[in-house]
1. A drop of at least 40 square angstrom in accessible area, chain alone versus all protein chains together, probe 1.4 Å. Which residues of the range A:174-199 meet that?
2. Straight-line reach from A:LYS87: which lysines fall under 21 Å, measuring Cα to Cα and dropping same-chain residues less than 8 apart?
3. Compute the FRET efficiency between A:THR120 and A:THR6 as 1/(1 + (r/R0)^6), taking r as their Cβ-Cβ distance and R0 = 45 Å, and round to the nearest 0.05.
4. Give the peptides A:223-232, A:281-290, B:89-98 in descending order of average Cβ contacts within 10 Å, highest first.
5. How many nm is it between the label spots at A:LYS731 and B:ALA8, if each spot is 7 Å from the Cα in line with the beta carbon?
6. Could you work out, residue by residue across B:49-59, how many beta carbons of other chains sit within 10 Å of that residue's beta carbon, and then give the average as an integer?
7. Could you size up the charge dipole of the range A:4-78 around its Cα centre, putting +1 on the beta carbon of Lys and Arg and -1 on that of Asp and Glu, and report it in debye to the nearest 20?
8. Helix A:442-455 sits at what angle to the longest principal axis of chain A, using alpha carbons and giving 0 to 90 degrees rounded to 10?
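The values are calculated or read from the model by the stated rules, or taken from the named source; none is laboratory data. These numbers were taken from a predicted model, which means no experiment stands behind them. Don't worry about glycine lacking a Cβ; one is built from the backbone with ideal geometry, like all the others, and counts go over all protein chains shown. In case anyone asks, the SASA skips ligands and DNA or RNA and just uses the protein heavy atoms, side chains included. Shrake-Rupley method; radii C 1.70, N 1.55, O 1.52, S 1.80 Å.
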Amino acid sequence: MAEMVTILIDGKPIEVEKGTLVIEAARRIGVMIPHFCYHPKLKPDANCRMCLVEVEKMPKLQTSCSTVVAEGMVVRTNTPVVDEAHKSVLEFILANHPLDCPICDQGGRCDLQDFSHRYTPTGSQFTDTKRVYEKGFFSPLIEKEMNRCVSCLRCVRYCDEIMDVKALANAARSTMTEIVHFAGHPLDCEFCGGCVQICPVGAITSRLSMYEFRPWMMKRADTTCGYCGDGCSLILETRGEKVIEVMSSHGNGRNNGDLCAKGFFGYQYVNHEDRLTTPLVRQADGNLHPVTWDEVLPVLAERLTQIKLAHGADAIGGLISARCTNEDLYLFQKFMRLAIGSNHLDSTARYGHVNAARALRRVQGTNRWTVSYEDIVQADALLLIGTQVTAANPIVGLKVKEAVKKHGATLLTLETLVPSIETTSNITNLSALHVAVPPGRHAAAVRGLVKAAFDENLVDAALSSRAGDYVSRIRAAATALPYPEGLDEAALRAVAKAFAGARRGVILIGQDLLQAPGGHESAVNLLDFLLLLGKLTQPGWGLAPLTEENNEQGAVEMGATAEYLPGPADVGDAAARTQIAGAWKDQPPASQGMHLLEMLDAARAGTLKAMLIVGENPVRSLPLSAKAASALEKLDLLVVQELFLTETAKLADVVLPACSYAEKTGTFTNSEGFVQKVRPGLEPVGDSRPDWEILSSLSVMMGYPLEYGDAKEILKEIRAVIPGYRVLGAKPEPAQVAAKSVEQYLTRGFAEDLPARYSAGAAPKANSHRWALAVGQTLFHSGAMSTKAQGLLELQHEGKLIMNPADAQRLGIADGDRVRLTSTSGEATVPVTMLGRIPEGTLFFPESFREALAGLPSMTPDPVTGVPYCKQLRVSVDKVGTGGASSGPPPARIAGGK
Amino acid sequence: MTSAFSKAAQERIPGIIARYAEKRGALLPLLWLAQEEQGYVSEEAMKEIAGWLDLTPPQVYETVTFYTMYNRRPIGKYHIQVCRSLMCALVGTDNLLGWIHAKLGIKTGQTTPDGLFTLSQVECLGSCGTGPMMQINDDYYERLTQDKTNRVLDDVKREGKCPLATGPFMFPEPAQK
C-alpha cells in the first residue's frame, strides 16, 4: 500500500499517493488546471508555465505539473493572482499564435482555443509583428505548421520517452524554436502519429484528414484495431460512408492511447475503391459476374448440399482468416462442424500461432498467457526471442521500452537484428545482453538456453527433488548438445543467468521463432526453461507468444482449427465433446480433421471437392511451390468471402462480399487474452455482409439453421461454452497455470518427444546459396491488407531487400540498385536498400510485398503441427547487369550487447 | 566510407569521449572538432557524431542549432566576428562594420567572392574595455580604427595573420617565466 498524503485543493481535502503531482491530484477532484506541456505519460518539463497555482507558505506561484504533493499542502487554483498569471502566460503564447483557427484542423479540440475562451483575452499588449516560419514540406503523412506551435515540446518528448525514436528535435531557441527532423529534411520516422495526437494545438496534424471535417461533425466508434495481436483500442472517426481518421485516447485500452503507423495511418483500405460490393458468381463464360444475395445464396446452399450428398461431408473443407471476429470464427467452425458436418477446417493461426498455443496447453493447461502487459512493464528481466517486436507488435514493443526506460528492467534479446540507431526504434539498442541469432537459428538458440540453465547451475532445487526424473532426463538431452555453432556461447550463458536472477521475468516470443522449423518444439523447450528455473508457476513470470494477426488467439479459442473444439479443447476429448454437444444439441463430427496443407493435398488428390474460404488468401500466403492455386482449381466448388478480389477469390466459383472490421460488431481476443469490443464505425460497404451473417443465412438455406439476431447473441453462446470468455471487460480473469497439467507434463508428458525437442536439428543445408534471407513484417505493413491503405503506401510502396551497408559496399551495390536472388526453388529480382540493423550476411524482405519474391521461397511443413514454414531461406545475390559471380557473406559475426 | 574527419582528428575522438562520464557529454567538443576540420559542422559530421555517441542525428542537430557559434554552412577561410554587445556598440560596432564593408564589400552573414572572409556579428567577446573589436579566427584585434582595420585585413589576406593581434588575455595572468 502506497503511503498517502492529504492535501487541500481549493478548500477540498483529497488523499493521494505520495509522489503524486499537484496537477494530477487536482484533476481527481475535478479541478482542471490549464496546461500545455504537461502530459501524464511524460516526465514533467514545466516549460509552458501555464499551470501556475498558489501554494500556501511558498513565496511564488508554483507549476502544478512539477510540484509533488506534501502532507498538509494547501493549494489554490482560482485566486485572482493565479487567474492573472494564467492570463499573462496565455497572452505571451498568443503573442505569436496566428488567428487561423478557421483553417486549422485542431479547431474544436484545441487546448489553446479552449483556454482562450476560458480567459477571454480580448486584447494584447504586444504590438510587434508575429513570428513567421518559412513553410516547407514536412512529410507525406504529417503536416507541420510551426506558426501555431506553443513550444511545449510534448511531441519531442513523446518521440524520445515513449517511442524511443528521437526523430523530432527542437531546433534553434527562444521564440524561434522550431520542431524539426534532422537538418530540416522531411520527417523519416516510425510514423506512429503520436506527435499528431499529443500536440495540444494545430502545429502537427495528419495530412490524411487535412481540411476534411471539424471534430464535432464526425461520428466516433470505439473499437479495436484489426492489424496485429496487440489489440489496441482506437476510435474510428467517420463521416457518412468514410473513415476520416483514427484517434486513440490516453488512459484507454491495452495500448493506453499509443498507436503505431498501421493503427494510426493504415485505415484507408476500408474505403478502398476495389472493395467488393456485390456477390460474384462464375458463369458459363468463365468470368465472375455480379449477382444479388437472393440469387446466390439458395444456389450456393444447394450446391453445398449436393456435394455433401454425393461425396460426403468430408469432401468439404473450410479456411478462415484470424482477422475475423470471434463471432465470425465461432460461427464458422459451428457451420463447418454442424451444417456441413466436416472437421476439415483451419484458420490462419496455422501459420504459426498454433505452435505456441499447443505448447502452452500441453505444459500449463491453458493456451493463454499467464502474464499481462502490466507484468511486462513491471518485469525486471525481459527475454525477447525472435520477436522483431517493434515491427510486428509495436505496442508490446512500447511496453518493453517502458519497462527498460522507466523501470530499469534488464532487456535480454535473442534476435536477428543487431543494435544500430536509425530512423525507427530498434529494441536491441536497449538490450543489456544481445545474442545475434541468424534467421532460422532461434530454435537452436533456445536449446542453448536450456543447456545454459544446467551449465550455470540455475535449476531450481525444489524441482530437482520433486521431479528428479524430468530434470535428469532434460539435463541429459539438453547438455548432450553442443552450444549452437555461430552463436556467442558466453552471451547465451549470461542471458540465462541474468534471466534466472530476476525477481519477475517474462519471455516474449514472436514470428522468427514460431514461424520457423522447430517452432513448436522451441515453445515447449522455453516452458522447460521456465520450469527448470522454478519460475513457471510464480506470479509475474510467464511465456508470452505474440501473434501476427489480431485475432489468432481468438481463432484457437473459438475452435477454428481442425484439432480444437471451442475452448480450445481437443477434438477427441470426450468430456469436452459432451459439453459442447450439450450446448449445441448436436454432436460435432468425430473424425480427425485436416489442417490447411492436408486440405490442399486432398483437393489435389480429388478427395476434397469444395472449400469455403473466409477472408484468407492461401494462394498468396503460401509460396508458389505449395501449389495452392492448382489445388484450389481442382475443387468442384470454391467459395470465398472477401473484402477484395484476391488471388484466391479470382479462382473462386462464388465470391461473397464481406464487411471489414470497421463495419462489424463483435470481439477480438488479443495476444494476452483480453477480449475486446469491435464496434462499427460505418454501415456495410455496398451489399457486403458480416461473415457470420453470410454463414448464418447459408445454414438456414441448407436446412440446418444457425440463427442469431445479432453478433451479441453469438457472443452470449461463446460465453456459455468457452471458460475464458465468462468474465470480459477491463479486468478479465487472469489465466492460471494448471497444477494438474504441469504435474502430468513433469511425470509423463515431457518424454514423448524429448529426443526430437533436443536434437541439433538438420544442419543448415550446405549449398551454394550462402545468404540467409528472412521474410517478415515491417513497421508499415502487415499482410496484404495494409498494401491497400494509401497512407501506408506513402511510407513504403514497394518491397525492397534490406542488407547491411557493409555487405552492400563490398558488392558495389547502391541504394535502389536491383539484385537477382536465387534459391533452390526459384529466382527473383528486387531493389535493394540498406540498414545497419540487418547483420552482415543476412537479408530481409518485407512479407507484405512477397509477390516480388515469386517462386523464391520454398516450404517445409511442420511434421506435428502442420505449420507451413516458408519465411527463412538461403539465397545467392547477384547484382543485376554486372553478371559477376555471386559472392557469399562473410563468416557469421557475433555481436555482443552494449 | 569517407569521413568528415581527417585521420588525425579521428584519432583524437576516443580520448575526447573518454573524458566524460556519459558519452553524450562529448557532443560539444566533437562538434568543435568537426568545425575545426571543415570550418563548419556538416550534416555528414553530425551523422558521424551521432553514431559515436549513440544519439540520433536530430538530437545532434538540435544542439548545433542552439549554439550560434557552430556554423552550419561553409564559411570563408577567415571568420571575422564583430562584437555587437553594449560596450562595443557604444564605441562603434556600426563604424567597424562599415569599415569592413568598405574594405571587403561584405555585410553581416556574407562571404567575400574569393571565399576568404566571412563576416558575423556576435555577442560579447569579453573585451569590453577595448572596443570596438573583432575576432578573426582565433585572434583578437582591439581598439580598432579604420586604418588599423584596413591593415589587419590586408595582412590577414596576404599572410593569414597580422602582428596587431592582441591577447590571449588570461586572468589571473600566468606567472612570468
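1. A:PHE182, A:ALA183
2. In chain and number order, the partners are A:LYS60, A:LYS130.
3. Numbers: r = 35 Å, r/R0 = 0.77.
Given R0 = 45 Å and the Cβ-Cβ separation, E is 0.85.
4. Numbers: A:223-232: 28.0, A:281-290: 11.8, B:89-98: 16.2.
Packing proxy ranking, top to bottom: A:223-232, B:89-98, A:281-290.
5. 6.9 nm
6. Working: counts 0, 3, 3, 0, 1, 4, 2, 15, 11, 20, 8.
Taking the mean over all residues of the peptide, I get 6.
7. Working: 10 positive and 8 negative charges, 37 e Å.
In total the dipole reaches around 180 debye.
8. Relative to chain A, helix A:442-455 is tipped by roughly 80 degrees.
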